[in-house]
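We did not get these values from a lab; they are worked out from the coordinates using the rules stated. Not measured: the values here are computed from a predicted model. When we count neighbours, we look across all protein chains shown, and the Cβ atoms used for this are built from the backbone with ideal geometry, even at glycine.
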Amino acid sequence: MTDASPNRNATPIARAPSASALLALLLAASPATGQMAELRSMYTKPDRSASGGIRGTVTNTPGPLLGAYALPPAHPERAYRARIPPDAKTSFQFEGLPAATYDLVLVFEGAFFEGLSLSAGKNTLTDEDRTRIRRALHQAEPLFNHEVLFRAEGRTGTMQGDARCVAMMVRTKDEPDFVSVPGYPDYWHSLKLVLLQDIGLRWQVVMAREIHGARAAKPGEEDSIRHVHAERLSGIEVTDTVVDLGSGLAIGN
């Protein structure tokens with residue numbers, strides 16, 4: 001995964017976005033460079049009146065830190081992006097965080113570590129639920145033609161089920177349903193936190209919060225991306241001070 005500007009903000013939706021709406025947004029990319037035009041509203045802006053924050057330095061990393069993100073489980077539509085010092089590629093610092101509980105996502109080349117809280121209660125999703133959730137992800141993103149479901153938790157039950165999942169939406173021209181868009185990469189990865197509901201005959205995406213967007217280095221790269229669910233990155237309580245996670249934050253082997 002290489003660092004790049006994600007293509008759009010998370011927006012609660014009642015149904016899958018139309019292809020025309022997505023095309024209008026995607027064509028904001030620069031044809032000359034092929035890079036996605038950055039949307040300034042992609043990440044939640046720090047609160048200048050808030051003195052809370054989080055900082056840390058990661059050990060045993062697979063490489064330089066490409067992105068660090070803080071998401072409050074109570075407000076999954078929000079995602080704060082950390083500052084990564086140019087001379088310390090394994091350190092991160094969030095500033096201007098309102099008082100809340102936060103989960104972190106750390107992204108490296110070819111790997112990501114996350115502490116996202118997906119279910120407040122017991123996870124009762126079945127294999128059939130996960131199959132239907134994959135189908136819902138595929139139908140909700142018409143310009144992405146492949147998806148990788150890393151983790152899903154929630155409550156099963158027709159018309160009562162709800163779930164959250166960590167997924168990567170993949171755009172690759174090697175698939176038969178590929179849609180060519182001028183100025184948009186043929187290979188693109190989008191790491192997302194997705195909220196879904198069971199509406200009876202199927203699961204439906206109700207919100208998709210993009211966390212990190214990346215141009216794929218090669219076709220099929222998503223199948224080898226390392227994913228680690230790290231409890232150390234979950235449930236970080238922030239009040240009115242900076243929470244220091246230390247200079248030896250071990251997040252997994």
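By counting other Cβ atoms within 10 Å of each Cβ, how are I236, I199 ranked from fewest to most?
Ordered by Cβ neighbours within 10 Å, fewest first: I199, I236.
At a Förster radius of 45 Å, what calculated FRET efficiency corresponds to the Cβ-Cβ distance of R83 and T158, to the nearest 0.05?
0.50
Over all distinct Cα pairs, what is the inverse of the mean 1/r for segment 19-250, reported as the Kirkwood hydrodynamic radius in Å?
Radius from the Kirkwood sum: 18.7 Å.
What distance in nm separates the two pseudo spin-label positions at H229 and S247, each 7 Å out from Cα along the beta-carbon direction?
Those two pseudo-labels are separated by 3.3 nm.
With labels modelled as points extended 7 Å from the Cα through the Cβ direction, what inter-label distance (nm, one decimal) is found for T239 paired with A120?
Simple spin-label model gives 2.3 nm for this pair.
How far apart, in nm, are two points set 7 Å out from the Cα along the Cα-to-Cβ line at R151 and at R135?
2.6
What percentages, rounded to whole numbers, describe P(r) for segment 66-129 computed over all alpha carbon pairs with 10 Å bin width beginning at zero?
Final binned percentages: 18, 42, 28, 10, 2.
Using a/c under 1.5 as the rounded threshold, could you call segment 129-253 rounded, prolate or oblate? The axes a ≥ b ≥ c are square roots of the C-alpha gyration tensor eigenvalues, and prolate needs a/b larger than b/c, oblate otherwise.
Cα axes put segment 129-253 in the oblate bin.
Given an 8 Å cut-off on Cα distances and at least 6 residues of separation, report the relative contact order of segment 19-250 as a percent.
26
What are the ³J(HN,Hα) couplings of segment 128-134, residue after residue, when phi is run through the Karplus curve with 6.51, -1.76, 1.60 and θ = phi - 60°? Round to Hz, x for glycine and proline.
Using θ = phi - 60°, the values come out as 5, 4, 5, 4, 6, 5, 4 Hz.
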